[in-house]
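Derivation of every value follows stated rules applied to the coordinates shown; laboratory data play no part. Quick caveat: nothing in here was measured; it's all calculated off a predicted structure. Positions of Cβ are generated from backbone atoms using ideal geometry, with glycine treated the same way; all protein chains shown enter the neighbour counts.
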Amino acid sequence: MRVVVNARNRGFEFEASPDESLLMSGLKAGIALPYECATGTCGTCRATLLEGNINDPWPEAPGRKLLKEARDVLMCQCSPKSDCRVEVPGYAYHADASIRPPQQSRGVIRTAAMIAPDIVSFEIETDVAFNFDAGQFATIETPGVEGPRAYSMVNYERGAKRLEFVIKRKPDGGFSEWLFSALDLRVGVEVNMVGPLGKAIFHPALSSNIVCIAGGSGIAGMMAILRRAMDEGYFKQFRGDIFFGVRRSADAFFLDQFNEAVEKFPNNLGVTIATSDEAPSTALRNKYPRLQFSEGFVHQVALQNIGSKAATAMTYLAGPPPLVDGALRALIMEAKVRPDRIRYDKFN
Amino acid sequence: MTKTFICKTQEVPENGMRGFDLNGKRILILRSNNQVFASDGICPHQEVLLEEGLFDGKVLTCHSHLWQWNVCNGDAIGLAETPLDTYQVSVVDDSVYIEQRSILELCAIFSGLALDLLARIESAGQYVNFSAGEAIYDEGVLAKDIYILDTGRVEFIVDRGDRIIYSGYVHNRGEMFGWATLMESNATRLAKATCTEAARVLKIPGESLQQLFDEVPTAGLLVTRRLWIEAVRQLAGAKHGNQ
């Protein structure tokens with residue numbers, strides 16, 4: 001089916017499958033359509049349907065509350081039933097050649113293990129090599145759970161066939177309940193994946209200091225950024241500061257990896273664990289002498305530590321929406337950081 | 001233009017902002033160091049409420065995708081792709097009044113011209129209403145007028161016979177189109193302009209504008225320089241593959 005997307009600056013025309021969302025068809029055609037979460041929550045991919053008919057399998061999608069007109073749709077949810085024409089509110093361009101379009105793939109859950117209270121690390125083996133940029137995510141859909149969920153890749157390597165993710169248990173989270181309720185039974189289960197997605201990416205060509213501020217499972221994408229930067233020797237030239245926020249000392253994870261990373265690059269890499277609900281434990285301080293520990297909300301701890309240096313760095317944010325909002329406010333209002341020096345993908 | 005009462009000064013926190021409803025339109029009133037500013041209360045990008053954003057006394061940031069504007073004049077900063085509609089503000093006895101700026105003040109090619117000249121340009125034209133689906137002009141016809149959008153939405157279509165090429169649209173108050181009329185030779189329309197929503201536009205005969213610029217050449221030169229920017233932008237768009 002032919003789909004026309006008219007943006008403020010120009011129109012685009014591409015072939016779309018009725019089995020795929022307008023967003024996926026457009027991204028695959030190399031068009032940088034507006035999106036962030038790709039899972040129906042953020043509302044960024046809003047478009048106005050001018051002609052044609054679409055299927056909307058999830059009319060209760062939270063992102064729909066951002067729609068204004070009856071004929072407005074979320075491109076990440078809707079697939080075409082006929083040729084159609086939509087308008088997006090803004091400018092759109094062809095994607096750069098370096099951006100990999102998302103692909104569908106099948107995968108099998110190979111491992112799943114608790115690494116902290118309410119945090120599970122799991123690995124998926126994919127049927128095709130999965131190329132992505134550090135900081136990107138994939139959507140995962142499993143039989144029995146309605147709708148795909150988005151998770152950032154923790155590992156980074158070219159042509160990876162094994163992808164690592166972390167997930168936090170949420171009381172009413174469909175996928176997280178499904179996984180947590182019977183961890184052992186989930187190993188061997190087949191899943192559908194779409195990716196890579198996400199624009200909060202790190203390339204060494206960035207050539208500037210980096211700051212990562214993450215809370216809870218938001219640390220996932222930062223691990224891929226750290227991995228890539230270390231593999232490339234990036235911290236021999238530039239500085240990296242990672243701030244990882246958790247509630248209590250017992251909630252922290254990946255600390256062995258962080259400790260090793262700082263041991264390798266002691267001059268230019270700093271990792272600070274911020275605990276919001278209690279002072280960091282002495283046991284933790286003693287066990288990880290290379291890491292810094294601070295009590296407080298992670299974005300406040302980060303700002304106290306880096307202050308005006310944030311203005312010249314590239315800052316990556318990930319975590320629960322209140323953390324991302326708080327960090328944005330602090331960076332823009334207090335540290336006067338330009339928005340084009342902040343990268344994050346919205347998931348609220 | 002009439003002044004409209006919005007609120008009492010003290011209803012807006014000092015060094016803060018607050019949104020008000022005015023006949024179904026959201027208006028944002030901002031206060032900073034004894035100055036009061038007013039703008040549209042809705043982000044022109046994804047239509048979120050700007051009162052939920054950030055304001056540091058000079059720069060307003062939408063929390064959704066971090067578009068920023070200078071609240072003094074609505075100029076786009078950084079990531080913002082379009083300016084923000086701002087209002088003239090007057091404060092009398094703690095009462096805040098706003099006055100809508102003329103659409104020519106918002107129009108990029110006329111910005112910086114004296115207000116009396118803008119008034120003359122406006123009076124040389126006339127406001128015309130179009131209904132949804134109606135064409136303002138067809139491709140290939142002689143370009144006689146320049147148009148400035150007041151309300152509604154207009155899209156541009158090139159018909160290549162075997163296929164139709166969509167070439168963007170205008171949606172913001174003060175956006176200009178149909179500028180081929182300002183070319184020296186008898187230029188024709190490169191695309192058909194159709195209203196995708198009922199629209200109100202200011203239609204100014206190119207001839208009247210030319211006469212005015214012959215009379216005030218400095219203004220003519222300024223507008224011509226601005227037109228170059230517009231032309232280059234459209235060429236860049238064509239290069240990036242209007243197929």
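Once a ≥ b ≥ c are taken as the square roots of the eigenvalues of the Cα gyration tensor of region A:68-216, is the result rounded (a/c under 1.5), prolate (a/b larger than b/c) or oblate (a/b not larger than b/c)?
Oblate.
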Rg(Cα)/(2.2 N^0.38 Å) for the protein assembly as shown, N = residue count: 1.07
Estimated inter-spin distance, residue A:282 and residue B:228, nm [label 7 Å along Cα→Cβ]: 7.3
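Exposure proxy check: A:15, B:99 ranked by fewest other beta carbons within 10 Å? Don't skip to the answer; put the middle values down first.
Values: A:15 10, B:99 14.
Ascending Cβ contact count within 10 Å gives the list A:15, B:99.
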Selection from A:323, A:196, A:207 lying farthest towards where the dipole of chain A points positive, charges on Cβ: A:207
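Is region A:248-322 rounded, prolate or oblate when judged by the Cα gyration tensor, a ≥ b ≥ c being the square roots of its eigenvalues, rounded requiring a/c under 1.5 and prolate requiring a/b larger than b/c?
Values: a/c = 1.77, a/b = 1.14, b/c = 1.56.
Judged from the Cα gyration tensor, region A:248-322 comes out oblate (a/c at least 1.5, b/c at or above a/b).
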Crossing angle, helix B:217-239 versus chain B [Cα axis fit, 0-90 degrees, rounded to tens]: 80
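For a quick check: sort A:132, A:244, B:130 by the number of other beta carbons within 10 angstrom, fewest at the front.
Numbers: A:132 24, A:244 28, B:130 18.
Neighbour counts put them in this order, fewest first: B:130, A:132, A:244.
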Simple label model, 7 Å out from Cα along Cβ direction - residue B:132 to residue A:96, nm: 4.0
Directionally averaged shadow of chain A, computed from the convex hull of its alpha-carbon atoms, nm²: 17.3
Built amide H within the under 5 Å cut-off of residue A:94, gap 5+: A:32
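Going by how many other beta carbons lie within 10 Å of each one, how would you line up B:148, B:103, fewest first?
Numbers: B:148 26, B:103 23.
Going from least to most buried by this count: B:103, B:148.
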Residue with peak Gaussian network fluctuation, chain A [Cα springs, cutoff 10 Å], from A:93, A:234, A:156: A:93
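What percent do you get for the relative contact order of chain A when only Cα pairs under 8 Å and 6+ apart count? All intermediate terms of the calculation are to be shown ahead of the outcome.
On the way: 786 pairs, mean separation 48.9, N = 348.
Worked out over chain A, it gives 14 percent.
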Cα coordinate range in chain B, projected on the principal axes (Å, largest first): 59, 42, 32
